[in-house]
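Notes to accompany the following structure.
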Amino acid sequence: MLLRNYSFPGRYGPEWGSGGIFGLRYHNSVLYFTLAFEAEAHFMDMANDEEKTYDFTLVGNAPTSGGDTYNAVETVDEFIYFGGWVHAPAIYREDRRILFNNKYSHVHAYDTEEGNVRLLWKDSIHHETDWAGEISDIIYDPYGDRLLLAREDGHTNLGVYSLNRKTGKADPLITEPSPKGTRVHDVAFFGVGNNFTGGVREFRVLDLISGKWDSFKPGESVDEKPYERPELGAMATAYNRALAFVRGGIFAGNPYMGEELTFYRLFDFPTFYAPLRVNAINVGGGILTAFNAHHDASYRRDSAETGIDWDFTNTVVGSSVLVYVAPPMVKIVGAFGARVTSIEKMNGKILVATNTTPNTGATEATPFDTGNRDIVVLDEKILQERAPAVSFSLPLGLLRKTGKEIFGGIPLDGYRSARAVFYVKDDVKLKVYEYDLSLLPDKAEEETFDLKAGRNVVDLRTFSGIVSFELEKRVDGKVRIELS
């Protein structure tokens, strides 16, 4: 597989812009992933050097499109369970719209020993413009021997569902929209809230033994400043804590250990830079995930139905970054283009699926996928090497437009040189907040600088851990943050 060129230019697959390579999972010598929007599930048997593809026609008729755009995959025994959504068949109209009459949410099982695919469950409301909640995460419950399905993206049938692995029967456990979850000790945490609007508003926790649910509100930020729109992209477990990767940072903690789910600001900009449409995996006792520069966006400025501001989604402030979290350290270990869609560990390598193009809006559908997608193969030693050079450039006018006061959350671990260059129109005071991802959390320290109209260089080498920034008033200009 490592000798093959896994690059996929866009082909027929009617949907909103571009999908990507999702669900990367290596299990029992088989590497699985789904190519969206072409609706192709790939299964590569490394032991026998064989590859099989599946076109989702167990769900409905061809031509199919979609597949998965949230990395809904789990492994149990010899099975790879993969979920998501699919049009079967796809209906594309020349007014650049997709009809959703044939859109299904699904869960399949691939038997790695027999080499066959079985449709375990599907769901559709057969509506022209609305759809049943997509499957955005699958978590195995070892005590109940069932699959827990997270569903947030859709109009009905949302929440967390329990799916019987043998019969394919699905039952709702809660009905609040939930995009992601993770298992911690003997419970399962699920983020609850609507992405593309407000983000996480609470965490619901299922006791896997008793079946009872608890509810916890997100906690305060270590810099004691507000955070906005914490849209949930991935969740993972380490150190007996739940970690939720959201737009603007990370929630980390465990209320059952007497901790709230504290917010640590990370890569927080007045844009849609966020860890969305990507997964998080455990590597070396820590967590590896990505923050993406361009995952969902309006294509045309006059597009009114996307519900997302054009500047907010199309201002690219920096590269997408691969981030390794080993508290209290947060370290950038890779720099990529528009977005990373899936991450997996295999035989001493890190597989990173990437895409050049975002998802777009409802009135911007195309009959083919618009992105170029590929799989980058890295060595695991990137986790221990020096961090790659990256930079971030932010127009300060976006702070004024969005009403945002604080930004940043830039991890400095692994860098020998770091600076922030401010170009401002007026004199202004700058506060720099310094903190790390300590467990238990510590409040941030702060230092104030006087910026003069013109060019100002703030040497960040005098700080450590993570730094964020706050201007005492709104000014025009820009800032460039350089790490090397």
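The values are calculated or read from the model by the stated rules, or taken from the named source; none is laboratory data. Only a predicted model underlies this, so the values are computations on that prediction, with no experimental measurement involved. Cβ atoms come from the backbone with ideal geometry, glycine included; neighbour counts cover every protein chain shown. Surface accessibility is based on the protein's heavy atoms, side chains included, excluding ligands, DNA and RNA. Shrake-Rupley method; radii C 1.70, N 1.55, O 1.52, S 1.80 Å.
So for each of 195-201, 133-139 I average, over its residues, the number of other beta carbons within 10 Å; can you give me the resulting order with the highest mean first?
Put in order of decreasing packing, that is 133-139, 195-201.
Which percentage, to the nearest 5, of the DSSP beta bridges contained in segment 82-200 is antiparallel?
Roughly 95 percent of the DSSP beta bridges within segment 82-200 come out antiparallel.
Reachable aspartates and glutamates from Lys345, Cα under 12 Å, same-chain residues fewer than 8 places away excluded?
Partners found: Asp379, Glu380.
If you take the charge dipole of segment 155-274 about its Cα centre, with +1 on Lys and Arg Cβ and -1 on Asp and Glu Cβ, which of Pro255, Ala238, Ser221 is farthest toward its positive end?
Ala238
If you roll a 1.4 Å probe over segment 1-98 with all protein chains in place, what percent of the accessible area is carbon or sulfur?
On segment 1-98, the fraction of accessible area on carbon and sulfur atoms equals 43 percent.
Rounded, prolate or oblate for segment 24-169? Axes are the square roots of the Cα gyration tensor eigenvalues, ordered a ≥ b ≥ c, and the cut-off for rounded is a/c under 1.5.
Since a/c reaches 1.5 but b/c is at least a/b, the shape of segment 24-169 is classed as oblate.
Relative contact order for segment 323-395 using alpha-carbon pairs under 8 Å, separation at least 6, rounded to a whole percent?
32 percent
Once a ≥ b ≥ c are taken as the square roots of the eigenvalues of the Cα gyration tensor of segment 154-261, is the result rounded (a/c under 1.5), prolate (a/b larger than b/c) or oblate (a/b not larger than b/c)?
oblate
May I ask which of Lys122/Lys217; Lys381/Lys443; Lys225/Lys425 have a Cα-Cα span longer than 29 Å here?
As for pairs spanning more than 29 Å Cα to Cα, those are Lys122/Lys217; Lys381/Lys443.
Round to a whole angstrom and tell me the spacing of the C-alpha centers of segment 1-64 and segment 249-298.
Cα centroid to Cα centroid, the span is 26 Å.
Between the alpha-carbon centers of segment 84-146 and segment 179-243, tell me the distance in whole angstrom.
About 24 Å separates the Cα centre of segment 84-146 from the one of segment 179-243.
About its Cα centre, what dipole magnitude does the chain give when the only charges are +1 on Lys and Arg Cβ and -1 on Asp and Glu Cβ, stated in debye to the nearest 20?
With only Lys, Arg, Asp and Glu charged at Cβ, the dipole is about 960 debye.
Explain nothing, just the number: relative contact order of segment 288-411, from Cα pairs under 8 Å at least 6 residues apart, as a whole percent.
26 percent
Could you work out the helix-only [θ] at 222 nm for the chain, with each DSSP H run of four or more residues adding -39,500 (n - 2.57) and the total divided by the number of residues, to the nearest 500 deg cm²/dmol?
So the calculated ellipticity at 222 nm is -500 deg cm²/dmol.
Given Cα pairs under 8 Å that are at least 6 residues apart, what percent is the relative contact order of the chain?
With pairs under 8 Å counted, the relative contact order is 13 percent.
Go through 141-148, 445-452 and give me the packing order, highest mean Cβ count within 10 Å leading.
Ranking the peptides 141-148, 445-452 by packing returns 141-148, 445-452.
Among 14-24, 39-49, how do they line up by average Cβ neighbours within 10 Å per residue, starting with the highest?
14-24, 39-49
Note the listed values (i) 23.1, 76; (ii) 28.8, 104; (iii) 21.9, 69, then indicate which one is Rg and Dmax of the Cα atoms in Å calculated from this particular structure.
Looking at Rg and Dmax of the Cα atoms in Å for this model, the match is (iii).
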